[in-house]
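Student: Dropping the structure in here first, questions after.
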Amino acid sequence: MKERLDNVVQWYPGHMVRAMRRIAEYLKLIDIVIEVIDARAVRSDANPMLDRLIGDRARFVALSRDDLAEPATTKAWVEQFASRGREAIAVEARAQQSVSRILAALTARAKGRSGISRVIVVGVPNSGKSSIINGLLKRGAAKTEDRAGVTRQLQWFRLAPTIELMDTPGILVPKIATAQAQWKLALIGAVPRERYDPYEVSVEFHRWLLERSGGRTKVPDLATFAAARGFVRRGGEVDEHNAAQGYIKAFNDGVFGRISLEAPGDGDEQAA
């Protein structure tokens, strides 16, 4: 897809550089890494800077929001990770049976280790980290909210007698390099709302749907959605801003169905 917007997201925060430095320090204490990635945008939602920091530590990927992604696409991602020697587990964070697969993987990795196995959970903002931790602990220990950057301080939790779990603030790359990655990350909630225009993100998403489907999609465009939901001011003028926010929320609530924004080998550029 040709990129039409050069700067969908205003995102060059220095605090993400500092956060990456802190993660590097935390990793000195860590035995096992869980990287949480939104299953709908696996390529854009991954943080490539983590590869260098994690090194050869035991590691696996939790593909969150499995219930919102296309099953066949998520299966393809799991297989691609496996082909590269990395275990990936598709998980619906609010479903206890689903989260239990992560606990089983952790227990297997910790087995045979002497002393306490320390685990860190990392991922971009709003990737589903806190929901997964709460599911593992079977209680609301980590604060969750549909807003990027809610987890701001370091937290430790005792998951099992020999397993301690560290939650960390979400870490996004300091600069999102491509317009494709920008609108996708904004759409799935990885970018704070004040950093992007929801109208532009909504328009880019629907344009992408049309191009992917050859011009035929059941998902309404923003104008149709606004009219159906009553986002119209007196005189018939569409309230584009609030309609776009509602449109993005509808996407994340699954109103438009299960949609994967990226698949292995689909040609999209990697965010850098």
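The values are calculated or read from the model by the stated rules, or taken from the named source; none is laboratory data. Since the structure is predicted, the reported quantities are computational estimates derived from the model, not experimental observations. Positions of Cβ are backbone-derived with ideal geometry, glycine not excepted, and every protein chain shown enters the neighbour counts.
Student: Counting just the residues of segment 177-191 that are assigned to a loop (DSSP other than H, G, I, E, B) and more than 13 Å from the chain's Cα centre (by Cα), which one comes out modelled with the lowest pLDDT? Let's see the steps before the verdict.
Tutor: To start, the set of residues in segment 177-191 that are assigned to a loop (DSSP other than H, G, I, E, B) comprises 177-178, 188-191.
After this cut, where a residue has to be more than 13 Å from the chain's Cα centre (by Cα) as well, the list is 177-178.
Details: A177: 71, T178: 85.
Among those that are assigned to a loop (DSSP other than H, G, I, E, B) and more than 13 Å from the chain's Cα centre (by Cα), it is A177.
Matching residues to (1) under 21 Å from P192 (Cβ atoms); (2) charged (D, E, K, R); (3) buried (at least 19 other Cβ atoms within 10 Å of the Cβ); (4) at pLDDT 85 or above:
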| site | (1), (2), (3), (4) |
| --- | --- |
| T73 | no, no, yes, yes |
| G112 | no, no, no, no |
| V121 | yes, no, yes, yes |
| S127 | yes, no, yes, yes |
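Student: If I ask for residues that are more than 19 Å from I188 (Cα to Cα) and aliphatic (A, V, I, L, M), which ones from segment 200-259 would you list?
Tutor: Those that are more than 19 Å from I188 (Cα to Cα) and aliphatic (A, V, I, L, M): A223, A226, A227, A228, V232, V238.
Student: Restricting to segment 1-49, name every residue that is touching a helix residue (DSSP H, G or I) at 6+ places or on another chain (Cβ under 6 Å), acidic (D, E) and modelled with pLDDT of 85 or more.
Tutor: Scanning segment 1-49 gives a single hit, D38.
Student: I would also like to ask the following. So R158 fits all but one of (1) at pLDDT below 90; (2) assigned to a loop (DSSP other than H, G, I, E, B); what number is the exception?
Tutor: R158 satisfies every listed condition except (2).
Student: Taking only pairs six or more apart or across chains, which ones have beta-carbon atoms under 6 Å, a first residue in segment 108-128 that is touching a residue at least 12 places away in the same chain (Cβ under 8 Å) and more than 10 Å from V36 (Cα to Cα), and a second residue that is aliphatic (A, V, I, L, M) and in a helix (DSSP H, G or I)?
Tutor: The qualifying pairs are S117/A110; R118/L29.
Student: I'm checking my understanding of the structure. Among residues of segment 75-96 that are among the hydrophobic types (A, V, I, L, M, F, W, C) and in contact with a Pro (Cβ under 8 Å, 6 or more places away or on another chain), which one is surrounded by the most Cβ atoms within 10 Å (Cβ to Cβ)?
Tutor: From segment 75-96, those among the hydrophobic types (A, V, I, L, M, F, W, C) are 76-78, 81-82, 88-91, 93, 95; that's our starting set.
Now drop any that are not in contact with a Pro (Cβ under 8 Å, 6 or more places away or on another chain), which leaves 76-77.
Numbers: A76: 17, W77: 22.
The qualifying residue surrounded by the most Cβ atoms within 10 Å (Cβ to Cβ) is W77.
Student: Could you grab me the full set of residues in segment 239-272 that are modelled with pLDDT under 90 and surrounded by 15 or more Cβ atoms within 10 Å (Cβ to Cβ)? Don't jump to the end; show me each part of the working.
Tutor: Within segment 239-272, the first condition is being modelled with pLDDT under 90, and the residues that meet it are 265-272.
Of everything in segment 239-272, those that are modelled with pLDDT under 90 and surrounded by 15 or more Cβ atoms within 10 Å (Cβ to Cβ) turn out to be D268, A271.
Student: Hey, another quick one. Give me the pairs: first residue in segment 79-98 and over 15 Å from R40 (Cα atoms), second residue of a type outside the set (F, W, Y) and part of a helix (DSSP H, G or I), beta-carbon distance under 8 Å, and six or more apart or on different chains, which are they?
Tutor: Cβ pairs passing all conditions: E87/A105; R94/S131; R94/G135; A95/D67; A95/G135; Q96/G135; S98/D66; S98/G135.
Student: Let me ask something else. Could you please find all residues in segment 203-235 being of a type outside the set (K, R), surrounded by 14 or more Cβ atoms within 10 Å (Cβ to Cβ) and in contact (Cβ under 8 Å) with a residue 60 or more places away in the chain?
Tutor: E204, W208
Student: Sticking with this structure for a sec: For segment 170-228, give me the residue count where each residue is within 19 Å of S44 (Cα to Cα), touching a helix residue (DSSP H, G or I) at 6+ places or on another chain (Cβ under 8 Å) and polar (S, T, N, Q).
Tutor: Residues in segment 170-228 being within 19 Å of S44 (Cα to Cα), touching a helix residue (DSSP H, G or I) at 6+ places or on another chain (Cβ under 8 Å) and polar (S, T, N, Q): 2 in total.
Student: Kindly check whether there is at least one residue in segment 45-56 that is closer than 17 Å to S117 by Cα, crowded, with 16+ Cβ neighbours inside 10 Å and in contact with a strand residue (DSSP E or B) (Cβ under 6 Å, 6 or more places away or on another chain).
Tutor: Yes - at least one qualifying residue is present in segment 45-56.
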